[in-house]
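What follows is a single structure, written as C-alpha cells, with notes after it.
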Amino acid sequence: MSEAHALLDVENIDVHYGRRRSKKEIIRSAGFQVGAGEIVGLIGESGSGKSTIARAVLGLVGVHHGHIRVSGQDVTTFSGSQWRDFRRRGVVQYVFQDPLRSLDGDLLIFDSIAEPLRIRGGASRSAVAETVRTYAEKVNLDEPLLQRYPGELSGGQRQRAAMARALITQPRLIILDEPVSALDAASRVQVLDSLLALRSDDVGLLYISHDLGSVAGITDRTVVLYQGSVVESGLTSALVRNPQHPYTRLLVGSAPTLSGTPLDRGQRSALRAELELLGV
Amino acid sequence: MSEHGHHSTVIVLDVQGVRIRNEVSNAELVKGVSFSVHRGQTLGIVGESGSGKTLTCRAILGILPNLIQVADGTVDLLGRRTADFTKQDWIDVRGNVISAVFQDPGSYQNPSIRLGKQVSEVLRVKKGLSRKEAKLETLRLFAAVHLRDPDLVYEQYVHELSGGMLQRVLIATAIALGPDILIADEATTALDVTVQAEILDLLMELKERDGLSLLLVSHDLAVIAQLCDEVLVMKSGEVVEHGPAREVLHSPQHEYTRLLISEHERYGLDRYIQVEEVDVV
C-alpha cells in the first residue's frame, strides 16, 4: 500500500521519557502503516512500547523524532488548539482494556454511548437516540441493556458498549488496546465477532495485544514490537507460519495450541539465550 | 492415563460431592463436584466465568467468602477431612500441604516490604529457620523459579517488578515450604505468552522433579492441553465432562465442551496453524 493512502502512517518515530541521565528510550525509529479497511495487529510483550505508540498517535505523549500522519495530516506538529479540534471531530477513537474503568459508572450505557454526539452538538434528542440505537445494534448490544449501568453488564457487553461509543463519531481510525485480554473465552468470541463485523472500507483498525491467538485470529497484517523497535512485520498468515526474528520465533514457539506448543522447553530456552545475546 | 502420567497412587486431594451454597439467597453455586488428584498429577478445570471453578478452589483452601458455605460433600487433604480442621490445623496445612497462586500477583504482596523479606519471613515462621538460613533459602527459591538476579529481587519492592517476575516471586513463596499440591487459578492469564511459557515450563519441572501435584484452573484450553493429565469441564456449577485431557480436548462428548473448543479454535492460533507446519527452529 502506498503511503499516500495510508490512514495512519507512523514514520520512524522516537519517544523517550525523562531527560539527560534519566533519559529512557521507549520507542526507537518505529514505523508502520494502517490502511483504510485494514486490521493491523501490533504485538509485543508488556513494556515493549505498544501503548506508548498508541498514546503518541493520540497526542498524549510527545514524539522526539519522526512523524505520525493521520489521514495525511501530520499530527506531530499540531498545536494545542489543533489537537482539541482534531479530538472533537473524533477522527481517532480509542478502546481500552478495561471498560469498567473507561465507562462512567454513574451513567447509563445509553448516555455513555450518546456522550460524544452531545459534546459535538447539533443533533436533536430523537436523532441522538436513534443513532445510539443504530450503533448498539451494530455491536449486537440488546436494547434493554442501554438502560443499565456499566456495573450491571458482563465484561463482554461492556466492551461492546465501549466499541459503540467509539464508533458513533464515525472515526477513520480505531485503536483497540488489549480489548479482549480481561474477558473469558465466550465474551472474547463475541467481542471479536463484533470487531470483524465492523470492518469497512473507510475505517482502519489498529489492534494492540500481547495475545498472539487473537492477533492471528482477526488481523490482516501484524507488526511485531520488541524493546521499542519494530523487529518484524508482514501478512499475519505468513508471519505466524514462518517467523524470522528470534523474538517472533519465540513468541510463536511459546504459544500453546490444543496440539501442543510449536517449540519444546529446550528449544525455547535456546531462543531466549539467543535473544539475550542480541541485546538490542 | 496420559503420557504425562508417571504419578503415584497416593491421593493428595480428594473432593467428593461438594456443593456450595449462598446462605443469603439460598442459591446453589456449585452442584456436586467430585475429583481426586494423585501425587505428581495435573488436573485442569475449565469453564466460563461463573461456572464455579474458583469457588471450588476456595472451598478446598478453606477460604470461601462470608455467607458462602460448603453445604454438602467432603474435601480430604492427604487423607484428612478438612471439615474437621481447627484454625491451627489450617495454619499447619497451608503452605506445607496445599498452596495457591492466583491471577494478578501484585495484589498478594505487601507493597511496602522488600520481596525477599516477604518470602524469608514465611520460612522463619513456618520452618523455624534463622535469618541467615532463611535468606539463603529464599535466594535459592528465586533462582529455582528462574528469576535472573535473585540478590537484586530480594531487595526490590512490588512496584519495581514486571507481572511475570512478580508471578515468579509468588510461585517461589507458594512452593517455599514444599507443598504436596499447588492450586494455580488463572495464574498465567495476565502474562505475556513468552513469560507464560516460562512459568508453565517451571511448573512442569516442579511436577517432574519434586512430584508436585497441580490443580490448574484456566479458561485457556491450550494451556490445559499443554499441562494437564486430566481435565474437568464445569458449567453453571456442574461438572459436565471429566476425563483424560487428550480425550476430552480431542474428542469431546458434551455439547458444552465442544462449544468451548470451537470458540477456542475460532480465534486461537489453532485456526491458523498446525504445530507441525510451523518453521520456527
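The values are calculated or read from the model by the stated rules, or taken from the named source; none is laboratory data. As the structure is a computational prediction, the values presented were derived from the model and not from experiment. Neighbour counts run over all protein chains shown; Cβ positions are idealised from the backbone, glycine included.
Output the residue which, of all residues in the stretch B:96-109 that are of a type in the set (Gly, Ala, Ser) and assigned to a helix (DSSP H, G or I), is surrounded by the most Cβ atoms within 10 Å (Cβ to Cβ).
Residue satisfying both the conditions and the ranking: B:Gly106.
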Discussion item. Quick check on the stretch B:136-148. Is at least one of its residues outside any helix (DSSP H, G or I), buried (at least 18 other Cβ atoms within 10 Å of the Cβ) and modelled with pLDDT of 95 or more?
Written reply: no
Worksheet item: Among the residues of the stretch B:167-188, is any within 9 Å of chain A (Cβ to nearest Cβ) and either in contact (Cβ under 8 Å) with a residue 40 or more places away in the chain or buried (at least 21 other Cβ atoms within 10 Å of the Cβ) (or both)?
Response: no
Discussion item. Just the residues that are within 14 Å of chain B (Cβ to nearest Cβ) and over 19 Å from A:Val34 (Cβ atoms), please, taken from the stretch A:160-179.
Written reply: none
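May I ask you to say which residue of A:Leu183, A:Leu153 is within 20 Å of B:Ser49 (Cα to Cα), within 14 Å of chain B (Cβ to nearest Cβ) and surrounded by fewer than 21 Cβ atoms within 10 Å (Cβ to Cβ)?
Exactly one residue qualifies, and that residue is A:Leu153.
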Worksheet item: Can we say A:Arg20 is more than 14 Å from A:Ile175 (Cβ to Cβ) and without any contact (Cβ under 8 Å) to a residue 12 or more places away in the chain?
Response: yes
Item to complete: Scan the stretch A:89-103 and give yes if some residue there is surrounded by fewer than 16 Cβ atoms within 10 Å (Cβ to Cβ) and closer than 19 Å to A:Leu173 by Cβ, otherwise no.
Response: yes
Discussion item. I'd like to verify a number: residues in the stretch B:262-279 that are at pLDDT 65 or above and more than 7 Å from chain A (Cβ to nearest Cβ), how many?
Written reply: 2
Practice prompt. Inspect all residues belonging to the stretch A:144-151 and state whether any of them is closer than 28 Å to A:Ala186 by Cβ and touching a residue at least 60 places away in the same chain (Cβ under 8 Å).
Written response: no
Worksheet entry | Failed condition for B:Lys207, given (1) within 13 Å of chain A (Cβ to nearest Cβ); (2) free of Cβ contacts under 8 Å to residues at least 60 places away in the same chain | (2)
Worksheet item: Can B:Asp210 be described as surrounded by fewer than 21 Cβ atoms within 10 Å (Cβ to Cβ), under 30 Å from B:Val70 (Cβ atoms) and touching a Cys at 6+ places or on another chain (Cβ under 8 Å)?
Response: no
Discussion item. When you check A:Val223 against the structure, is it more than 9 Å from chain B (Cβ to nearest Cβ) and among the β-branched types (Val, Ile, Thr), yes or no?
Written reply: yes
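Residue by residue, here is whether (1) farther than 30 Å from B:Val153 by Cα; (2) within 14 Å of chain A (Cβ to nearest Cβ); (3) of a type outside the set (Ser, Thr, Tyr) holds:
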site: B:Leu214; (1), (2), (3): no, no, yes
site: B:Ser236; (1), (2), (3): yes, yes, no
site: B:Ser251; (1), (2), (3): yes, yes, no
site: B:Leu260; (1), (2), (3): yes, yes, yes
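This table checks each residue for (1) without any contact (Cβ under 8 Å) to a residue 24 or more places away in the chain; (2) within 16 Å of the chain's Cα centre (by Cα); (3) outside any strand (DSSP E or B); (4) in the same structural domain as A:Ser214 (by TED's automatic domain parsing).
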{"position": "A:Leu7", "(1), (2), (3), (4)": "no, yes, no, yes"}
{"position": "A:His16", "(1), (2), (3), (4)": "no, no, no, yes"}
{"position": "A:Gly37", "(1), (2), (3), (4)": "no, yes, yes, yes"}
{"position": "A:Gly41", "(1), (2), (3), (4)": "no, yes, no, yes"}
{"position": "A:Ser46", "(1), (2), (3), (4)": "no, yes, yes, yes"}
{"position": "A:Gly62", "(1), (2), (3), (4)": "no, no, yes, yes"}
Worksheet item: Is it the case that B:Ala83 is under 22 Å from the mean Cα position of the chain (by Cα), surrounded by fewer than 19 Cβ atoms within 10 Å (Cβ to Cβ) and outside any strand (DSSP E or B)?
Response: yes
Worksheet item: Does any residue in the stretch A:247-258 that is more than 7 Å from every other protein chain (Cβ to nearest Cβ) come within less than 6 Å, Cβ to Cβ, of a residue that is surrounded by 24 or more Cβ atoms within 10 Å (Cβ to Cβ) six or more places away or on a different chain, and which pairs are these?
Response: A:Thr248/A:Val224
Worksheet entry | Residue check for A:Gly66: more than 15 Å from the chain's Cα centre (by Cα) and either among the small types (Gly, Ala, Ser) or part of a helix (DSSP H, G or I) (or both) | yes
Worksheet item: Which is at the interface with another protein chain (Cβ under 9 Å from one of its Cβ atoms) and at pLDDT below 85, of A:Leu271, A:Leu278, A:Leu263?
Response: A:Leu263
Item to complete: Among the residues of the stretch A:234-246, write down those that are among the hydroxyl-bearing types (Ser, Thr, Tyr) and within 7 Å of chain B (Cβ to nearest Cβ).
Response: A:Ser237
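Scan the stretch B:110-125 and tell me whether some residue there is surrounded by 15 or more Cβ atoms within 10 Å (Cβ to Cβ), at positive phi and in contact with a Leu (Cβ under 6 Å, 6 or more places away or on another chain).
No.
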